[in-house]
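Comments concern the structure below.
The values are calculated or read from the model by the stated rules, or taken from the named source; none is laboratory data. Fair warning: this is a prediction, and the values are worked out from it, not measured in the lab. Cβ atoms come from the backbone with ideal geometry, glycine included; neighbour counts cover every protein chain shown. These area figures cover heavy atoms from the full protein model, side chains too; ligands, DNA and RNA do not enter into them. Shrake-Rupley method; radii C 1.70, N 1.55, O 1.52, S 1.80 Å.
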Amino acid sequence: MQLESLLSEFNKELAGVQKIADLLNLKSKYIGKQGPLSDLMKNIKDASPEEKKRIGSVANEFKTAVESIVAQKMVELELAEINASLDKEKADISLTDSVLEKGLQAGGMHPVTIIQQEIEDIFISMGFEVLDGPHIEDEFHNFEALNIPATHPARDMQDTFWFADKKHLLRTHTSTIQVRGMKERKPPFRFVGPGKVFRCERTDASHEMVFHQLEGMMVGENVSVGNLIYFMKTLLSEIFKKTVEVRLRPGFFPFVEPGFELDIQCLICGGKGCSVCKHVGWVELLPCGMVHPNVLKAGGIDPEKYNGFAFGLGLDRLVMMRYGIDDIRHLHSADLRFNSQFKTF
Amino acid sequence: MLISLSWIKDFVELPDLPPKVLSSMFTLATAEVEDVITKGDALKPILCVEIKSLRPHPESDKLNLVTFDYGKGLLKEVVCGAPNLSIGMKVPYAPIGTTLPNGMTLEPKKIRGILSDGMLCSEVELGLGEGKSGLMNLPSDVTPGTSLVDFLKIPSDVVLDVDNKSLTHRPDLWGYLGLAREFAAGHGKPLKNPFTPAWTTKIEGSFTKDPSPINLEVSDDSDCLAYLGLSIDNIKMGATPDWMKSRIETVGLRSINLIVDISNYVMVELGMPNHAFDRDKIQGNKLIVKHAGSTLKFKTLDEVEREIIATDTIITDANRPLVLAGIMGGHDAGVTEQTSKIFLEVANWEAPEVRKTSVRLGLRTDSSQRFEKTLDSNLCYRTLLRLTELVLQLCPGSKVVGSPVKFIKENKLSHELTLEISHEHIISSLGMEVTKERIRSIFESLDFKVVETNGHFKVTVPTYRTTKDISCKADLVEEIGRMIGYDNITPVSPMLAVKPVRLAHTKQFHRKIQDFLIMQGRALQVMTYPLTGKDLLEKSHWPVMNDHLVLVNALSVEQDRMRPSLIPSAIEMAAQNQKHFDSFAFFELGRSYLDYEKERSQLLIGLYSKEESRFLELENIVEKLLTTLNIGFAFAPRSDKFVNAVMPANWPGLHPHEYQNVQIMGKFAGALSTIHPLALKNFKMKGFLSLAVIDLTDLEARELKDKTKYSAIPKFPSSSCDFTVVMDKNQPAASVLAALSSLKQKEIKSKSILDVFVMNETQKSVSIRTVFEDPEKTLASEVIKDLEQKVIQALEKSGFPLKS
C-alpha cells in the first residue's frame, strides 16, 4: 500500500522535471540509499519470512518501475536538449551556390568534346582504335597519298592554307590520319581519327576556317559496300538514338572508289519531305567509299589482297544539330556564356 | 549543269515516269540532281476562247463583264479589267483551279459582288512575254476551245539541275549524248546514237579536193593535244531556228547568231567545246598554236583586256593572237552577222594547263570547265562533222572547202583499256549477289565491250571513259554498283576476329584531365583558335612571334600564323569574359606550334576573380591533378638559368611572386603564374588572372600505370608531437617542413603545418605536427623523447628556433 502511493507520488513529481540533473535527483530520492525504499528494506528484517518475501518482491517491482520510467524520461530529455541546441545553430539550407551571385560554377566539357567522345566510344565498342595526327601536314599526306596529284581539280575543292615553303599546309581533312594509320598497321585493322581541320574559307554562321572531322577506316580481306553501310547505319542509329535509314549514292572523292555520298532519311519528317530536307526526304550527311587502290598502295598495303572502306564525318554539324546551335563560330569563341551551358557530364 | 529531258529524248526513249522519279534515279545512279524544273506544264489548262459580248460591271467603271465561247458554243462569264477588250477577239482563258507560272492558283472569287469564273490572261500572266499590258491577242483563225499549249506549240520540258561538282570525274557527262547513255543504262533502254559510220561517210561526202584555205601550224611544246579545223564558204547568216534557240536557252546559254548558236549547241550535245572563226579576219591565211612566249595583252570576246603570260597557249594568225586556247575566243576574229566564210575549230587541250590559266584569270567558261575535265581527243573528229552537218543544214547554199586540217598529239591520245575482273570480286566488293548476265548487260549498256569466260570478265572501256575516269578494277565495281543501286545492297556486319580495343593512351590521358578539371576544378572546357596574329602576340608581349609559321593565304592578319603558345589567346578570352562574370575557371587542351613537325600538346588552366588572386587555388588544382595522374613532379622557383619554354622567364607577363615552375622528369614541363597586372592592363582587364600551362607532349603517349601498392594498416599506436617555431615573416612557411627532410628517421611517419601566426612586422610563428610510428612495436617514451630532440635540433640547425 505504502509503495503504491509512493509510486503515484513519484509520477507526480516526475511530470514537473525538465532537466537531466533534476531527473537524476528524483531517481535517487526514491530509490537511492537515503530514499524511502532503503528505509523500508531496513525495517523488514523484523518481519515474518512470508512477509519478507512479499515486501521484497513489491519493493523490487517498485525499483524496476522507477528505473524504467527514469530511463525513458532520460531519452526524452536528452533529445529535447540536443534539439534545442540544434535549433540554435540552424543553418540556412536554401543558400546553395546556384542562388548566389557567384552561381553554380559547374565545370563542363566543350560540346564538341561531348559528341566526339560519344562517337569515339561507339567506335571503340565496335573494335575501332582512335588515332590523331599533326595539324601541320605536308603535301604528301594531305594530297598525294590520297590520290590527289598536283594537277587534280579536286585540289580546287579544298581551300588549303599554305605555309611559305609551299610544301607544308594545314590539313584540310582528317583523311591524313588514314595515311599514317595505314603505315603503322598491318591489315586487318580499323580505326577512327577525330580532329581539327582547316579551310581557307570566309567564316559565317555556318562556315568556319577551323572545324572538326572524324575520319574512319577499315581495311581487311573482302570488305564490302554492304559492310560500310552496316557500320554507317549502326553508327548513326547510335548517335541519333533511333533507327536511322541511310542511302548511298555516287559521289566523287579521289581517295575512294567507288565513292559515295551518304544520305540519312530526314529525321524531322521521316522521309515524307519537309523544309529541312528541301522536300526530298533525305539529308546529305557524310562522304564515304571503298578505299582507292592507290591510297592503299601509298599506305603500304597490297590492294590485290586487301580492300577497305573509309568515311569522313563532320562533327560540328552534329553538335549544332544536337544542341540547336545557330552559329558555328560559337565553338571556338571561348565565350563562357556559351560554354557554361554545357554542364551535363 | 542543266539537263533538258526533251533534248535527252533525241538519244533515248525515257520511260513514262514522274520527273521526280527520273530525277531520283539519276541521283542514285549517276550524279546529284539539285532541282527539278518543269517547263510548259503550267500552261496546259489554258484554253483559247472568243469574246462574245461585253457589258460594264454595275459596281465599277473600270471593270467589264465578259461573256466568251470556250468551245462548241459553250459560254462562260468573267469579270475583266483589261483595257483592250473587243467582241470577236481571241484570248487565252485560265479556268478555276489553274496555277499560273507566277504561282497564283485561281479560286472562285467575287469581284465587286459578281462571281468571276476564271480569268482572261495577258502574256505577262502566262510567262510568255514581258511588259505588254492588256490581254494577249491571239490570231483570229484559232478555234475556241483549243489548248493554248497545242496552238502555240509551246514545248513542255523537264529540266534537271545537276550539281557540277558531282560530275568532276566524268568528262563524258558534259555532253547530252553521254548523259543520254546514263539514262539508257539506268532504265534499260537502247541508246539511239545517230553518229554511225554511215553518218560519218555521209558528212565526209561534203568535203572537196580543194586545198585548205587555212594553213595550220601547231608548236610541239604547246598545250595542244589535238586540233582539227574545216573551212565553210557561202555562209548566209539567217535566224537561228526556234527549236535550237529554245534548247540552248533552256540550258542557260544566250542565243547570239546562227553560227555561234550551232557551236554552242554542238558543245552541249557532244560535250566538246569548239570555235568558229570569221575567216576574213584571219590574217595571212594561217593559224598558229603555241605558247604566248611573253606577257601580252589580249581582249577576249567579253571585251575585257586580259594579261596572257608566256606559258599560256594561244592561237594566232600571222600577226596577232585570236584565241586563248580552251578558254575564250578573242574580240577580233569572232563570227558576226556579216560573216560569210568560216573556219570551224575543234581542239583538245591539256586539262591542268587550261585550269591553271582559267583560275589565274578568274575566267571560267563553259569551254574551260569542260577541258578541265580531261576530254578525249578521239571525239574531236565527230564533233567537227556534227558542226559541219548543222552548218550545211541551217545555212542553205553554204559549202565546205577542202577537207579537215588535223593535228593529233599521238603519244597523248586516249586509248581503250581492257581490265580483267572476276564475277566473285564484284560480288565480294559490293557484298551483294549479282548475276553474270546482269553484269554483262550493265557493262554493255555503258558501251563497254565484254568477253566472259567462266565468271572471268575481260572488259574493254571506251576511250572517252579512260582519259581520267576509269583506270582500275574498283572503277568497274562502281559501274555495276551504281547501276544496280547501292540502296539495294543489304547492310551486313563483317565476320571479324574478336579482339580487345582500348582507347589510345593519349586519349585516356586527355579524358582523365578533362574529368578531373571539370569535377574537381569546376572548370569549363574551351577551344580557342590555333591561329593567331602579330597584334595579339605583341599586345601580350609574347617573346616568340612565330614568323616562320605564317600562312601565305591567311584570311586576315589577326589569324595569319600558328600560335606559339596558348597563353595570349587565353588572356584575350579572359578579357572578354570578365565583362560578364566576376569569377570563372576554364581550361583548354590544345596545341601550340614550334615548327613544322613540332606541335606541342598542351593543357592550359585559367582561374579568374575580380576580387582576389586565385593562385594558391590554381597550385592546388595542378598539384592534385598531377598526383591523380600519378606524374612525379616538383614545384620549383623561377630560374634564369634553365629555360622554361611554356612561360619564358623574359615574358613580362609573369608575376614577381606568384610563380611556380613545374618540374617533371627533371625538365621544366610547365609553369604557373598570376598574370602581371600591367600585362592585363593592355587588355583593359581588371582583377586577377592566374594561368597554368603544362606541356603534355612527352607525357600523354605513355600508359597511365597505377603503381599503388597497399601497405598494412599499423597494428601499433602512433604518437604525434607538435612544435611551434619562429621564422622570418617573408620566408615560405613550408620551408620548415623542408628542414625536416634531412632527418632520416624511419619512425617519422608524417609532418605537416598546423597553423601560421604573424607575430609582428618581421616574424611569424609556424606550428607543425610530426607523427612517429613503428610498425613493429609501440614506441617507448624514451624513444619518443629522443625523436622530439632530433626534430628540435634539425629545426634549430635550419634557423627555426622553438618559440619560447
Return a yes/no flag: does the range A:104-116 have any residue that is within 30 Å of B:Asn164 (Cβ to Cβ) and either open to solvent by 50 Å² or more (accessible area, probe 1.4 Å) or touching a helix residue (DSSP H, G or I) at 6+ places or on another chain (Cβ under 6 Å) (or both). no
Among residues of the range B:512-533 being assigned to a helix (DSSP H, G or I) and crowded, with 16+ Cβ neighbours inside 10 Å, the residue farthest from the other protein chains (Cβ to nearest Cβ) is B:Ile513
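Matching residues to (1) in contact (Cβ under 8 Å) with a residue 12 or more places away in the chain; (2) of a type outside the set (D, E, K, R):
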residue	(1), (2)
B:Leu2	yes, yes
B:Leu17	no, yes
B:Glu34	yes, no
B:Leu75	yes, yes
Number of the exception - B:Glu433 against (1) surrounded by 15 or more Cβ atoms within 10 Å (Cβ to Cβ); (2) over 26 Å from B:Arg370 (Cα atoms): (1)
Log entry, pairs with first residue in the range A:229-245 being over 18 Å from A:Gly281 (Cα atoms), second being among the basic types (Lys, Arg), beta carbons closer than 9 Å, six or more apart or on different chains, reads A:Ile229/A:Arg247; A:Phe231/A:Arg190; A:Ile239/A:Arg322
Of residues in the range A:166-191 being facing chain B (nearest Cβ under 8 Å) and assigned to a loop (DSSP other than H, G, I, E, B), the one farthest from the chain's Cα centre (by Cα): A:Lys166
Counting residues that are hydroxyl-bearing (Ser, Thr, Tyr) and either in contact with a helix residue (DSSP H, G or I) (Cβ under 8 Å, 6 or more places away or on another chain) or crowded, with 21+ Cβ neighbours inside 10 Å (or both), which strands (runs of 3 or more DSSP E) fully inside the range B:560-645 reach at least 2? B:583-595, B:598-609
Qualifying residue in the range A:98-108 (condition: part of a helix (DSSP H, G or I) and closer than 30 Å to A:Asn294 by Cα): no
In the range B:417-450, what residues are within 21 Å of B:Asn193 (Cβ to Cβ) and assigned to a helix (DSSP H, G or I)? B:Arg440, B:Ser441, B:Ile442, B:Phe443, B:Glu444, B:Ser445
Hey, any hits in the range B:734-744 for a residue that's under 60 Å from the mean Cα position of the chain (by Cα), part of a loop (DSSP other than H, G, I, E, B) and of a type outside the set (Phe, Trp, Tyr)? yes
Name, by its number, the condition in (1) in contact (Cβ under 8 Å) with a residue 12 or more places away in the chain; (2) more than 7 Å from chain A (Cβ to nearest Cβ) that does not hold for B:Ile489. (2)
Could you pull out the residue among B:Phe509, B:Phe448, B:Phe457 that is among the aromatic types (Phe, Trp, Tyr), more than 10 Å from chain A (Cβ to nearest Cβ), within 30 Å of B:Trp349 (Cα to Cα) and open to solvent by less than 10 Å² (accessible area, probe 1.4 Å)? B:Phe448
Looking at the range B:392-409, can you tell me whether even one residue there is within 14 Å of chain A (Cβ to nearest Cβ), surrounded by fewer than 20 Cβ atoms within 10 Å (Cβ to Cβ) and not in a helix (DSSP H, G or I)? no
List, please: which pairs have Cβ atoms under 7 Å, are six or more places apart or on different chains, and start with a residue in the range B:729-742 that is without any contact (Cβ under 8 Å) to a residue 12 or more places away in the chain and end with one that is part of a loop (DSSP other than H, G, I, E, B) and among the polar types (S, T, N, Q)? none
Looking only at the range A:278-295, and only at residues there that are within 10 Å of another protein chain (Cβ to nearest Cβ) and in a helix (DSSP H, G or I), the one that is farthest from B:Ala474 (Cα to Cα): A:Asn294
Screening B:Lys705, B:Lys729, B:Lys715 for residues that are open to solvent by 50 Å² or more (accessible area, probe 1.4 Å), touching a Ser or Thr at 6+ places or on another chain (Cβ under 6 Å) and at pLDDT below 95 leaves only B:Lys729
Among the residues of the range A:135-148, are any at the interface with another protein chain (Cβ under 8 Å from one of its Cβ atoms), in contact with a Pro (Cβ under 8 Å, 6 or more places away or on another chain) and on the phi < 0 side of the Ramachandran plot? yes
How many of the residues in the range A:254-277 are part of a loop (DSSP other than H, G, I, E, B) and more than 9 Å from every other protein chain (Cβ to nearest Cβ)? 13
With respect to A:Lys343, is the statement that it is among the basic types (Lys, Arg), in a helix (DSSP H, G or I) and out of contact with any Asp or Glu (no Cβ under 9 Å at 6 or more places or on another chain) true? no
Looking only at the range B:578-586, decide whether some residue is hydrophobic (A, V, I, L, M, F, W, C) and within 30 Å of the chain's Cα centre (by Cα). no
Which residues, counting only those in the range A:221-250, are touching an Asp or Glu at 6+ places or on another chain (Cβ under 6 Å) and open to solvent by less than 20 Å² (accessible area, probe 1.4 Å)? A:Arg249
Can you tell me which residues in the range B:83-113 are of a type in the set (S, T, N, Q), open to solvent by 60 Å² or more (accessible area, probe 1.4 Å) and in a loop (DSSP other than H, G, I, E, B)? B:Asn102
Under 8 Å by Cβ, and 6 or more places apart or on different chains, what pairs join a residue from the range B:541-560 that is free of Cβ contacts under 8 Å to residues at least 40 places away in the same chain with one that is among the acidic types (Asp, Glu) and outside any helix (DSSP H, G or I)? B:Val550/B:Asp560; B:Leu551/B:Asp560; B:Ala554/B:Asp560; B:Leu555/A:Glu201
Given the conditions (1) outside any strand (DSSP E or B); (2) out of contact with any helix residue (DSSP H, G or I) (no Cβ under 7 Å at 6 or more places or on another chain); (3) open to solvent by 30 Å² or more (accessible area, probe 1.4 Å), report the number of the one that B:Arg247 does not fulfil. (2)
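Each row is one residue, and each column tells you yes or no for (1) surrounded by fewer than 20 Cβ atoms within 10 Å (Cβ to Cβ); (2) under 46 Å from the mean Cα position of the chain (by Cα).
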site	(1), (2)
B:Leu115	yes, no
B:Gly127	yes, yes
B:Ser133	yes, no
B:Val142	yes, no
B:Leu148	no, yes
B:Lys165	yes, yes
B:Pro171	no, yes
B:Trp174	no, yes
B:Gly188	yes, yes
Only strands (runs of 3 or more DSSP E) wholly contained in the range B:310-382 count here; list those with 2 or more residues that are more than 14 Å from chain A (Cβ to nearest Cβ) and surrounded by fewer than 21 Cβ atoms within 10 Å (Cβ to Cβ). none
Residues in the range B:461-475: is at least one outside any loop (DSSP other than H, G, I, E, B), open to solvent by less than 40 Å² (accessible area, probe 1.4 Å) and at the interface with chain A (Cβ under 7 Å from one of its Cβ atoms)? yes
